[in-house]
1. Is there a simple number for the mean count of other chain Cβ atoms within 10 Å of the Cβ of residues in B:404-416, and what is it?
2. If you average 1/r over every pair of different alpha-carbon atoms in the stretch B:104-257 and take one over that average, what Kirkwood value in Å do you get?
3. Using helices alone, what [θ] at 222 nm do you get for chain B, with -39,500 (n - 2.57) per DSSP H run of 4 or more residues, divided over all residues and rounded to the nearest 500?
4. How far is A:Val306 from the same spot in each other copy, in nm, shortest first, if each label point sits 7 Å from Cα toward Cβ?
5. Just name one of A:Gln415, A:Thr397, A:Ala365: the one whose Cα is farthest towards the positive end of the charge dipole of the stretch A:354-430 (beta-carbon charges, Lys/Arg +1, Asp/Glu -1).
6. Assuming a ≥ b ≥ c are the square roots of the Cα gyration tensor eigenvalues, decide whether the stretch B:1-60 counts as rounded (a/c under 1.5), prolate (otherwise, with a/b larger than b/c) or oblate.
7. Calculate, for B:Arg86 and B:Asp217, the FRET efficiency according to 1/(1 + (r/R0)^6) with r their C-beta to C-beta distance and R0 60 Å; round to the nearest 0.05.
8. Reachable lysines from B:Lys300, Cα under 25 Å, same-chain residues fewer than 8 places away excluded?
There are 2 protein chains.
Amino acid sequence: MHQPNIVLIVADNLGWGELGCYGGGALRGAPTPRIDALARQGLLLQNFNVESDCVPTRSALMTGRHPIRTGCLQSVPAGLPQGLTRSEVTLAQVLSDSGYATAHYGKWHLGDIPGRYPSDRGFDSWYGIPRTTDESQFTSTPGFDPSVAELPHIMQGTRGSASENVKVYDLESRRRIDEELVDLSLAFIQRNHATRKPFFLYLPMVHLHFPTLPHRDFAGRTGAGDFADSMVEMDHRVGQVVDEIDRLGLADDTLFIFCSDNGPEFRPPYRGTAGPWRGTYHTAMEGSLRVPFIARWPQKIAAGQVSNEIVHVTDLFTTLAALGGARIPDDRPIDGIDQRDFLLGRTARSTREGFLFYIKNDLRAVKWRDWKLHFFWEPEVNEGKGKLESPYLFNLTRDPKEESDVLAFNTWVLQPVLRMVQAFNDSCKTFPNTVPGARD
Amino acid sequence: MHQPNIVLIVADNLGWGELGCYGGGALRGAPTPRIDALARQGLLLQNFNVESDCVPTRSALMTGRHPIRTGCLQSVPAGLPQGLTRSEVTLAQVLSDSGYATAHYGKWHLGDIPGRYPSDRGFDSWYGIPRTTDESQFTSTPGFDPSVAELPHIMQGTRGSASENVKVYDLESRRRIDEELVDLSLAFIQRNHATRKPFFLYLPMVHLHFPTLPHRDFAGRTGAGDFADSMVEMDHRVGQVVDEIDRLGLADDTLFIFCSDNGPEFRPPYRGTAGPWRGTYHTAMEGSLRVPFIARWPQKIAAGQVSNEIVHVTDLFTTLAALGGARIPDDRPIDGIDQRDFLLGRTARSTREGFLFYIKNDLRAVKWRDWKLHFFWEPEVNEGKGKLESPYLFNLTRDPKEESDVLAFNTWVLQPVLRMVQAFNDSCKTFPNTVPGARD
């Protein structure tokens, strides 16, 4: 089979409501014409769902498995065990085995010790940060003591060699890193175009994670502050990658995906917006579950499509692996579903009707069709009722902000939802979950 | 000067987030292709602002004056004094004096005694309800006693004659009234087209006010319940009026406006959505202030425009009167600003930078550019802190959900805002406000 190139750009903490094509853009002081154009050229999903935050989503994307299975439940500070165990099989591994050139430029957050860096886990090369971007504040913070907290670095590595520190990750290198990531991405595209090798470019950008600081070239661009300037920069960076794909005549042969890892930040002044949905990342509200997702593939994906069908980030593992002719592991539960038929327009419906949503060890909610059953109630991070004696049921079409519990009038919904829970629990008994912090 | 026809359709309790062109539509289970098409053919405002609820907005629209001046502060039950005093000058009066045929089909809510009905206040004819739609529930409510609460009626009237009851306003006639209003509207358009008389059609529809029940022809249409069925009906009804204007070749000679009277309902199961904004009507949040507004006028208003410039419902009085060559009263303060230059694209900027927002007698907030200063805090109806000792300042671009008070860092904004308050208070001293419930 022919193997298309895959470009997968994942923004960091980009909420559903930020981009112009999702109702934000100019209203947020930050027009996003390049990403909006990408959406017009392809498929925009209104119901693409992720995990609760960075590590869970990235692990789910790389493995096709819910974090509760892999132990990648949350962000963990440097110096503590974290990341995907080597028994997990990554998307980069299976695509690499299938003949793809693979590169990771950006934020990894799935292991920060030898054996767990991207170049140890299926990527031919990587450049970026092993953990996350709040660390870029360390060296500017009064009282920071590098004798007790690790000095954060931008790193790089190539397959078969040890990864190494490149430079300190501080506020200034944080401003510049997305430019570097895109430069590396363009070179990677060019190299593989020259050798006619199919490639998988995974570009988990650093924008818009806090501290949301733009490249100096974009500082003051919007007049609406750092956040808007950074979003305009992000849009520009995405446009640079699109332009290179198009310039090299690779558009028809490249599935180009732009999405986010989780809902918007909740902390001011970097707090973002999920548009019409309620909540932020680290909650089980729709503003946490739904994030932007755009896929462009001329001749394969019809232009100008908008869909409210449910797709889950684990589906990306399965779908991209299948598109690349890669082998999907059959010795463990894979939660991702092959969405090729839906993505390519062979069917109008997603192959998925719902999914379970955990935060850390708690099953917070289940989404099924346009219903959502909440077992906990924490609509704003750290604010709520905790575990509910009587779960809340919302209809997401009639009540998009999840405000009116209608369980009493719709108890039939419990049947399909709780069957999903039962099936998942059964699979966890057959294939025990990995304990968080497990060593290899 | 040439006098264009004016069609002004005002939906009831239609929140910012409901229509497809405002990010709702299919997501709400209710595609709105006709209104979306109208938006593509003209100008869609993202920052069209109204008063806190039905009576205040409708009085502001009819007079160009904030309700605090006219005493139209709130909805009042039948049998109690209410409505615009006859000393107020209505948009219908000035357009009628200027040679327009005028009709009111729908919900009035600006006076329910002889002398205050639409046909007493500038409209050649009217049909509809004198007050509001919750009354349609009366006769279906166990315990309703018509000896103590007035039996609600649909009424009609013509200029120079007494208005009269047509039929009881109950759940069944509530389902059918928008169909009747549109039928009357089409006949009115046809009559004036035949006589070549410029016309002002004011069509304050009953949808989506609670009880939000669709015409039987639309019941079950969406599979998403009464609210979605009603929105689909509303879209269809608007389309019927558009079609008639177009069929008669009147499009280029007709300013066609569709907007809402206030933010979404807050009470389940009829609770609506303001999309990315927070709050409902009866609050001072952006979800209350901003409502849909679409203006189409081929050859005059460029197609496909979207603007976040501030326009206020009082501006409609001034702008429509000016477009119709009507005389705007100069013996009293008129809060509306002539927005012809902005509407017709002669300038990209609104002539307005802000406005005061009252609920009943309280100055709740002032909006100025993309800042908003709240003097009270009641983000959800009946839930809040009341009057604030230290007002909250929000930047609506950076913080669309009004969550992070940034007054401490931006106290300069107090100067332009409090100058606006001072100027308004001065004008109220020179021209004393009408006491609510004042008789003629």
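Readers should treat all values here as calculations from the given coordinates under stated rules, not as data from a laboratory. From a predicted model like this one, the values you see are computed outputs, not experimental measurements. Here the Cβ positions follow ideal geometry from the backbone for every residue, glycine too, while neighbour counts run over all protein chains shown.
1. Other-chain Cβ atoms within 10 Å of each residue's Cβ, averaged: 1.
2. Kirkwood hydrodynamic radius for the stretch B:104-257: 16.5 Å.
3. That calculation yields -7500 deg cm²/dmol at 222 nm.
4. So the distances to the same position in the other copies read 0.8 nm.
5. A:Gln415
6. Cα axes put the stretch B:1-60 in the oblate bin.
7. Working from the Cβ atoms, E equals 0.90.
8. Reachable lysines: B:Lys197.
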